[in-house]
Amino acid sequence: MNKNRNDKQQMKEELQGSSLDFIGNKTNKKKVFIETYGCQMNMNDSEIVASILSKKGYNTTTDIEQADLILLNTCSIRDKAERTIRNRLQHFNGLKKAHPKTKIGLMGCMAERLKEKILEEEQLVDLVVGPDAYRDLPHLINELEDGRKAVNVLLSKEETYADIEPVRLNSNGVSAFVSITRGCDNMCTFCVVPFTRGRERSRNPKSILAEIQNLSDRNFKEVTLLGQNVDSYLWYGGGLKKDFAAQDEETKKNAVDFAQLLDLVATNFPKIRIRFATSNPQDFSLEVIKSMAKHRNIAKHIHLPVQSGSDRILALMNRKHSIAAYKEKIDAIRQYIPDVSISQDMIAGFSTETEQDHQATLALMDYVKYDFGFMFAYSVRPGTLGAKKMEDDVPHHIKLRRLREIIDKQQEHSLYRMKQFEGKEVEVLIEGNSKKSDQHWMGRNSQNAVVIFEKKGNFQPGDFVQVKIDDCTSATLFGKPVV
Ligand code: SF4
């Protein structure tokens, strides 16, 4: 889901341990340490949980030794992500001995997938809470304080946490996530998300605008609208997306879809740069493309996961579009937004994938020449149709060889795309110091490319700066501010 450039960054994607520091409510006496793994939705959920717990007497801390409660916000997208959590839990043996009162909880997708079973398998764990049950945390903590283990993994048909103001954690004070939908109805045969995050439901646009207004008042300059599948956003008064068809004509007429939400946000906040993730090609509409082209403040980047370049494999993945239709959407995007950047998700080695299917993936990449991408070897997820009905029959070494070829091709195309910026001026939103030098700013252009440039003039994080690009790698642009 979070889509920054370069392979190393991508590989780290699964494990974004981020510790937090938040003073919060001074009367709060307890401390919670939240460590977040996986996607942007999880990042935003950790912020929602910090907000819920701040009303239950907990402030966040970066010092795990000080924590009364440790929460791991987990990812289940691949087997490796879950193994990482189990390894991390081993590290807590000593801590639990030193601080026997400290409680350990698992939240997020792995918690939802494994439910009570975690308590049997991981003795250290006291609390298991799923992505739709965070509002119940105060009650679950009462159970912990009464010496019991606590579990709530109920999925919801309504929950969007619309009224909860997230606590911006690990924030650069410039860009923030705003969730607009939860869950997914698409049932791609390789994906565990529909089982761990439930059915699709959209958030009231009024609460989305109110949250962005709050961010704007605090001088944030960029928001990323989040959802497993933002294109199927549809507000019609609450409830599941799948129940929309049964609504009366009046309700349908007044419904707000994703293109309309983009218009609303862009029009109401002209000084805020707007990004969104993640799109699904089968739901991605021409209206969304037109909204992006119409508003200067909607970032010119689209993450459009395709997973394979073979129609036969797409059908097995239950992806409801053909490669021809996908190419038509790419062409339409480039026609309406010539300076757009496009990124991808690819899976190498899905069940029954032949060399011919793999070559079709490489051919699609040659057609699109993506700016960057997230590429993984197929990892069977328990409970999915892929696990139940299909053999994981592509040998591991073949998966890795094909993955290498896909990554190498992407590297080549990323460099090709980055070189297009050389000699040009781009508008960069400063996010902070470059990791490598505090004499340089780091920011992103509208196409979501990382730009590093020397500190000249009195710019600050949150400023939009014109930068003349004079060099690049496949992952980073380098330049000088136009002062
Ligand atoms: S669209 Fe498919 S891959 Fe994406 S979250 Fe939904 S089921 Fe998973």
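The values are calculated or read from the model by the stated rules, or taken from the named source; none is laboratory data. Keep in mind that what you see is a predicted model, and the values were worked out from it rather than measured. Backbone-built Cβ (ideal geometry, glycine too); neighbour counts: all protein chains shown. Ligands, DNA and RNA are excluded from the accessible area calculation, which covers all protein heavy atoms including side chains. Shrake-Rupley method; radii C 1.70, N 1.55, O 1.52, S 1.80 Å.
Some values worked out for this structure:
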read-out	value
Probe 1.4 Å, all protein chains present, accessible-area order of Phe478, Phe244, largest first	Phe478, Phe244
Solvent-accessible area, 1.4 Å probe, carbon plus sulfur percent, for the chain	52
Computed FRET value (nearest 0.05) for Asp366 with Ala315, which takes r as the C-beta separation and R₀ as 22 Å	0.50
Set of aspartates and glutamates near Lys329 by C-alpha distance (under 19 Å), chain-local residues within fewer than 8 positions excluded	Asp231, Asp257, Asp283, Glu287, Asp311, Asp339, Asp345, Asp366, Asp371
Cα centroid of segment 33-103 to Cα centroid of segment 225-275, whole Å	32
Kirkwood Rh and Cα Rg combined as Rg/Rh, the chain	0.95
The chain - share of DSSP beta bridges that are antiparallel (%, nearest 5)	35
Virtual spin-label span in nm between Arg148 and Gln66, 7 Å along Cα→Cβ	3.2
No Cys partner within the rule (Cβ under 4.7 Å), the chain	Cys39, Cys75, Cys109, Cys184, Cys472
Estimated 222 nm signal from helices in the chain, with DSSP H stretches of n ≥ 4 weighted -39500 (n - 2.57), rounded to 500	-10000 deg cm²/dmol
Rounded D (µm²/s) - segment 336-483, Kirkwood Rh over Cα pairs, Stokes-Einstein at 25 °C, 0.890 mPa s	141
Segment 7-152 - convex hull of the alpha-carbon atoms, volume per residue in Å³	105
Rg(Cα) / (2.2 N^0.38 Å) computed for segment 425-481, rounded to two decimals	0.95
Spacing of the two label points (7 Å from each Cα toward its C-beta) at Asp438 and Asp339, in nm	3.3
Rounded Å value of the spacing that divides the Cα centres of segment 389-433 and segment 294-347	15
Rounded accessible area per residue of the chain, 1.4 Å, Å²	41
Inter-probe distance in nm under a simple model that places probes 7 Å from Cα toward Cβ, at Gln213 and Asn93	5.4
Column: log10 I(q)/I(0), Debye, Cα scatterers of segment 102-185, q = 0.16, 0.19 Å⁻¹	-0.72, -0.93
Count of Lys pairs (Cα-Cα under 21 Å; at least 8 positions apart or interchain) in segment 67-170	12
